[in-house]
Amino acid sequence: MRLGTHGEKLTATLINDKLPAGDKDAVEAAIHEYSAWIQIMEDISADSLPSLVSHLVDALNAYKYYIDVNLIFDSTNDFLYRQKGQLKLDNTVVEEFLPILVQKSLNLMVPESAIDIAPQTPTFSSAFFNSSLRSPSVGGGLTIKTKNQDFALSRKLYLRSSYSEEFDIDKTVTIETNIGYILAEIKTNLDKTMFQEASATARDIKLAVSGSKYYLLCDYLDMTPISSATTDIDEIIILRKVKRVNSNIRARYSTYEGRQALREEYIKYLLDNPYSSELFHRVIMHILAQFSNDALIEADVLNDGYF
């Protein structure tokens, strides 16, 4: 089985020299759970979009609970909890889940859509010509920049630049890239710094591709809400509809004794605030709206008074 983003992080953790010996069996067990989770999602089918999304999100919640509690929180060592941000064990789960959800949703609703869906896709960011009259360079020195996105719906794009009208091979630069149309940044905890960084990224994306859409998804809100209307972010979606646990409580999670003392409270917090099927459905509806290409009818426009 080809490993996705999260599966690769699990495998990398297993061979990490710093992983305590007592955690190796747990990580190996998690890899088996990961394989089962992927198979469960592959086997899910439904006749309607709400049903499909609901079943997939149920599978996500069950697996994410396993990673958060059984693997990380219940570890008798502190390595997995303290290093989870570096290991990216928990925050890559949604990164791997979202492309599967979107692909299965499009297969149901827009089965003939020819578009690439993937995490960590390097998408077109900008282009410039690295040349001058003194150093004209082949093809004017066409150079592009790309930026990795946590999630992207993109199309393969080929660019060719030449001083030759016939695009002679030895006088032409040909570049292959991806042009991103729907992009998302995925965070576990959204704080003000991340919000500002995402705002800047969204602006760059819209400058590069005017018709693109950019979304910011997070598990937990870790800031006072700021309107996205003043930014180029199309929408911020809090997938669990809840704020992050207070820092004074989180500080106690850093030791096994502290985690065990607060285990029931932590589990209740997770179970009371699962990933929302409603909000993942909202993500899909945003995406599906971009596949609509209805021509404007003048009579309808004039009747409505807007378009």
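The values are calculated or read from the model by the stated rules, or taken from the named source; none is laboratory data. Small disclaimer: the values here were computed from a predicted structure and weren't measured. Counting neighbours? That spans all protein chains shown, and the Cβs are built from the backbone with ideal geometry, glycine included.
Every condition in (1) farther than 23 Å from I205 by Cβ; (2) touching a strand residue (DSSP E or B) at 6+ places or on another chain (Cβ under 7 Å) holds for Y66 except the one numbered (2).
Going by what's in this entry, would S105 be described as buried (at least 21 other Cβ atoms within 10 Å of the Cβ) and of a type outside the set (A, V, I, L, M, F, W, C)? Yes: the conditions hold for S105.
With respect to the stated conditions, I205 is within 30 Å of V138 (Cβ to Cβ), crowded, with 18+ Cβ neighbours inside 10 Å, in contact (Cβ under 8 Å) with a residue 60 or more places away in the chain and of a type outside the set (S, T, Y).
Tallying residues that are touching a helix residue (DSSP H, G or I) at 6+ places or on another chain (Cβ under 7 Å), at pLDDT 95 or above and not in a helix (DSSP H, G or I) within the range 41-100 yields 6. Number of residues in the range 86-97 that are out of contact with any Leu (no Cβ under 8 Å at 6 or more places or on another chain) and in contact (Cβ under 8 Å) with a residue 12 or more places away in the chain: the value is 6.
Of D68, D78, D90, all but one fail to be under 22 Å from I40 (Cα atoms), of a type outside the set (A, V, I, L, M) and more than 15 Å from the chain's Cα centre (by Cα); the exception is D68. Taken over the range 235-271, the residue count meeting the criterion of being under 18 Å from D191 (Cα atoms), in contact with a Leu (Cβ under 9 Å, 6 or more places away or on another chain) and free of Cβ contacts under 8 Å to residues at least 60 places away in the same chain is 10. Scanning the range 1-21 for residues that are small (G, A, S) and farther than 18 Å from D90 by Cα turns up just one, A21.
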